[in-house]
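Engineer: Handing you a structure now.
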Amino acid sequence: MTTEETALSIGKVSALTGLTTHTLRFYEQEGLFAAPVRRNAAGRRVFTQEEVEWLRVCTKLRSSGMPLPEIRRYADLAREGPGNEAERFEILRRHEARVQQQVADLQEALGIIHTKVEIYAQHLTAGTADQLWRDGPECGPAADAG
């Protein structure tokens, strides 16, 4: 397979990743690619499948809360090549810890929400939903006692 056959247009990469062409250009300008974006003879951006996979990683890092400067730093280190693996590892390890904390916080929130849903379900089934506000705001402890 030749390079021309494996080259993907910006539109194709947009379709594969769900990122808009504007976002892909922004990522390039921000230095978020692990290698410089190549261009074909007509000057149009061309991407490889490997770059699509890199974009999927960047998208997940971003959607999980990693700031763009941190993604850029990680990309910079990847572009530099061997010798900085420990620093790349540390960036990912710190982010993993933040995401684990976010998941724990969401689990705690989900538990509280689930409890409220159960209370509402019980009161609605029993026909006593009007009792949820009897002692003050429904989110207070007294509201859940009934």
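Bear in mind that the values in this text are calculations on the coordinates, not laboratory data. As the structure is a computational prediction, the values presented were derived from the model and not from experiment. Backbone-built Cβ (ideal geometry, glycine too); neighbour counts: all protein chains shown.
Engineer: Would you mind stating whether Thr21 is over 27 Å from Val99 (Cα atoms) and touching a helix residue (DSSP H, G or I) at 6+ places or on another chain (Cβ under 8 Å)?
Structural biologist: Spelling it out, Thr21 is indeed over 27 Å from Val99 (Cα atoms) and touching a helix residue (DSSP H, G or I) at 6+ places or on another chain (Cβ under 8 Å).
Engineer: Another question, if that's okay. Looking at Ala109, Ala126, which one is closer than 25 Å to Pro67 by Cα and of a type in the set (Gly, Ala, Ser)?
Structural biologist: Result of the check over Ala109, Ala126: Ala109.
Engineer: Another question about this same structure. Working only within the stretch 40-69, note down all residues that are among the hydroxyl-bearing types (Ser, Thr, Tyr) and loosely packed, with under 11 Cβ neighbours inside 10 Å.
Structural biologist: Ser63
Engineer: Related question: So which residues in the stretch 83-107 are in a loop (DSSP other than H, G, I, E, B) and either in contact (Cβ under 8 Å) with a residue 60 or more places away in the chain or surrounded by fewer than 12 Cβ atoms within 10 Å (Cβ to Cβ) (or both)?
Structural biologist: If the condition is that a residue be in a loop (DSSP other than H, G, I, E, B) and either in contact (Cβ under 8 Å) with a residue 60 or more places away in the chain or surrounded by fewer than 12 Cβ atoms within 10 Å (Cβ to Cβ) (or both), then Gly83 is the only one that fits.
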